[in-house]
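Derivation of every value follows stated rules applied to the coordinates shown; laboratory data play no part. What you see is a predicted model, and the numbers here were worked out from it, not measured in a lab. Note that each Cβ is placed from the backbone with ideal geometry, even for glycine, and that neighbours are counted across all protein chains shown.
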Amino acid sequence: MNPNDGLEIVRALDDLQRERGISKEVLLEAIEAALVQAFKRHYGSAQNVRVGIDPDTGKVLVMNRRTVVEEVADPKAEISVEEARQLDPMYAPGDVVETEVTPKEFGRIAAQAAKQVVVQRIREAERGMLYEQFSSREGDVVTGTVSRVEQRNVIIDLGKTEATLPPQEQMAVDNYVTGQRLKLYVIEVRKTTRGPMVLVSRTHPGLLKRLLELEVPEIAEGVVEIKAIAREAGARSKVAVVAHDPNVDPVGSCVGPRGARIQAIVSELAGEKIDVIPWSEDYATFISNALSPARVVEVRPDFLSKIALVVVPDYQLSLAIGREGQNARLAAKITGWKIDIKSESQVGLGAIPRFEIDF
């Protein structure tokens with residue numbers, strides 16, 4: 001190998017260690033192993049060889065290794081005691097004798113093999129760093145750009161890598177257009193040979209939670225806490241909040257001045273309606289709040305069956321139930337109670353007709 005080539009490799013290894021944190025010693029070991037294979041491949045050698053690289057100069061030496069024995073059975077792997085002692089009188093049976101067998105033209109092969117190893121290790125290191133970067137963001141929100149659609153999967157460009165938005169995690173109201181910017185919830189990061197596989201969601205309740213944390217300073221600071229979320233992505237959600245400071249209005253904090261904070265989230269979620277309700281330790285109060293915007297006259301919770309009879313004014317019955325039962329269904333999800341909704345006239349007349357929903 002040309003001395004300049006050796007120095008160039010050493011400098012490249014030093015740069016990789018300094019800039020990317022890839023150990024120079026680890027790279028040298030990998031290059032030496034690759035050079036052994038390259039030597040045997042090009043020279044068809046069955047010899048037991050070791051390739052060494054001087055870490056300071058980059059000089060490559062191919063050494064033939066033979067074991068010292070009393071009687072030689074395999075001349076390629078063994079050397080007699082007499083012959084070994086001609087090289088060094090201190091050799092004894094069982095010792096290993098190394099003699100240089102570096103071919104003159106091996107420098108070019110060595111340089112090519114070294115380059116391949118370095119490139120491979122750089123790719124592996126980059127994939128490893130990308131995995132570490134994104135695995136730490138599981139449960140977080142990322143911003144990406146729609147790149148393309150492959151077999152119903154939406155591929156999202158995250159800059160350094162791509163994420164996959166599977167069909168079951170897509171909102172039906174979203175219209176995925178190339179170049180469109182979206183906020184997405186990272187549900188899982190898998191380690192693969194091609195780099196990290198990032199799976200994201202637009203339907204996960206965690207997306208709404210993280211968007212609220214990003215938009216509402218009181219939540220980020222811990223003054224207001226999100227106690228529960230029930231979501232039907234793209235249609236409607238309910239968020240139960242509580243303030244740990246009596247002077248703070250938890251609902252007002254989330255809605256923001258003139259509804260600016262919640263409207264920013266609604267816009268990001270393609271018009272999804274968001275009901276922010278006060279959380280309460282009192283089950284009856286919480287259930288009543290959860291059925292907002294309907295007005296509730298009375299809540300009768302049965303703690304054994306965890307079924308709550310909810311009485312609403314006659315004209316509020318359809319509002320309490322919601323379109324296709326959506327309002328009642330979300331109320332049941334967020335409270336964890338089975339909800340039996342009746343109008344005042346039904347309760348007064350002892351009527352059987354009622355609307356019952358559980359989660």
*Sequence-distant or interchain residues sharing an amide H contact under 5 Å with LYS273, placed H: which?*
ARG236, SER237
*Percentage relative contact order, the chain, counting C-alpha pairs under 8 Å, at least six apart*: 9 percent
*Considering only DSSP beta bridges whose two residues both sit in the chain, what percent are antiparallel, to the nearest 5?*
75 percent
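Work out the P(r) tail for the chain: percent of alpha carbon pairs separated by more than 26 Å, whole number. Walk me through the intermediate numbers first.
Working: 43701 of 64261 pairs.
Everything past 26 Å amounts to 68 percent.
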*How about segment 58-149: which GluC sites (Glu not before Pro) there lie in a loop by DSSP and see at most 15 other Cβ atoms within 10 Å?*
GLU70, GLU71, GLU105, GLU138
_At R0 = 56 Å, FRET efficiency that the Cβ-Cβ distance of MET197 and ASP249 yields, to 0.05_ = 0.85
*Could you work out the equivalent-ellipsoid semi-axes for segment 3-134, taking the square root of 5 times each eigenvalue of the Cα gyration tensor, largest first, in whole Å?*
35, 15, 14
_Distance (nanometres) between label positions extended 7 Å along Cα→Cβ at GLU138 and VAL266_ = 3.5 nm
*What base-10 log of the normalised intensity I(q)/I(0) is obtained for segment 282-359 from the Debye formula, alpha carbons as equal point scatterers, at q = 0.12 Å⁻¹?*
-0.26
*Near LYS115, which aspartates and glutamates are there with a Cα under 15 Å away, not counting those fewer than 8 places off in the same chain?*
ASP5, GLU8, ASP14, ASP15, GLU29, GLU32, GLU124
*For the pairs LYS183/LYS333; LYS191/LYS238; LYS191/LYS273; LYS59/LYS191; LYS59/LYS160; LYS183/LYS338, note any where the Cα-Cα span goes beyond 29 Å.*
LYS191/LYS238; LYS191/LYS273; LYS59/LYS191; LYS59/LYS160; LYS183/LYS338
*Euclidean distance between Cα centres, segment 214-230 to segment 259-305, Å*: 15 Å
*What does the convex hull of the Cα atoms come to per residue for segment 204-279, in Å³?*
74 Å³
*Round to the nearest 0.05 the FRET efficiency obtained for ARG258 and GLN120 when R0 = 45 Å and r is the Cβ-Cβ distance.*
0.20
